[in-house]
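The values are calculated or read from the model by the stated rules, or taken from the named source; none is laboratory data. Please read all numbers here as calculations on a predicted model, not as lab measurements. Here the Cβ positions follow ideal geometry from the backbone for every residue, glycine too, while neighbour counts run over all protein chains shown. Just the protein is used for accessible areas: all its heavy atoms, side chains included, with ligands, DNA and RNA removed. Shrake-Rupley method; radii C 1.70, N 1.55, O 1.52, S 1.80 Å.
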Amino acid sequence: MILAIVSFLVFAAWNVMQRLVDKDSYEYFLSHHKAGAGLQARHLKTILCESGASRVFLDVDNLDNLDNISMAVRSTGTLVLMLTKDILTRAWCAVEIVTAVMNQVPVRVVLINEFCTELSKEYLQQVTTGFTASDLTTLARAGVSKDDVDQAYAYVATLPMHHISFNAEAEDVLSSARNAVGLQMTQAKRSSA
């Protein structure tokens, strides 16, 4: 009887994991601060999909439960960090960044509009020391420590930064967005463009 129950639970867990893995296999994961870049994230997703990317993760479209965010990041080809003033101060964004770095998911840093700051050691230290007790609890529940965040942010600071100005002419936005995330248009999309 116990063996039957254990077998059933293992089978059920396996089926759930398979559906999650199949469902959450993305080419791009758009990590953004909703208030700072929510509209730009939607615009970027549209650009990527119209340019040939078939699976782009945007939390408002693809996330049923925040507890699944790390799994979605791990099964992503590239995390696109949409760098705005407050993104690094958000605990769930920190979880996304740490998960990508710890799991060797490539990260592309994209400066949004006019945001420009040097990700100096001092600036990053100021950001992470500003985490509240609630933020630290969120991180801990996701299996992330403040040291993990410090290391991931230090790594992100070494990456090239790409700029997308969503205020530019439409063709310039398209071109800069594709270049920023490293997307090459597929042959089919080129010939129809």
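What to note about this one:
- Scanning region 137-167 for residues that are surrounded by 14 or more Cβ atoms within 10 Å (Cβ to Cβ) and over 14 Å from Ile97 (Cβ atoms) gives Met161, His162, His163, Ile164, Ser165, Phe166.
- Pairs with Cβ under 6 Å, 6+ apart, first in region 172-183 and modelled with pLDDT of 80 or more, second small (Gly, Ala, Ser): Arg178/Ser51
- Being in contact with an Asp or Glu (Cβ under 7 Å, 6 or more places away or on another chain) and modelled with pLDDT of 85 or more is a condition met by no residue of region 40-52.
- Residue within region 80-103 that is of a type in the set (S, T, N, Q) and in contact with a Phe, Trp or Tyr (Cβ under 7 Å, 6 or more places away or on another chain) present: yes
- Residue check, Val105 open to solvent by less than 30 Å² (accessible area, probe 1.4 Å) and modelled with pLDDT of 95 or more: yes
- Segments classed as helices (runs of 4 or more DSSP H), wholly inside region 38-118, with at least 2 members that are of a type outside the set (Val, Ile, Thr), under 26 Å from Ala133 (Cβ atoms) and in contact with a Ser or Thr (Cβ under 8 Å, 6 or more places away or on another chain): 91-102
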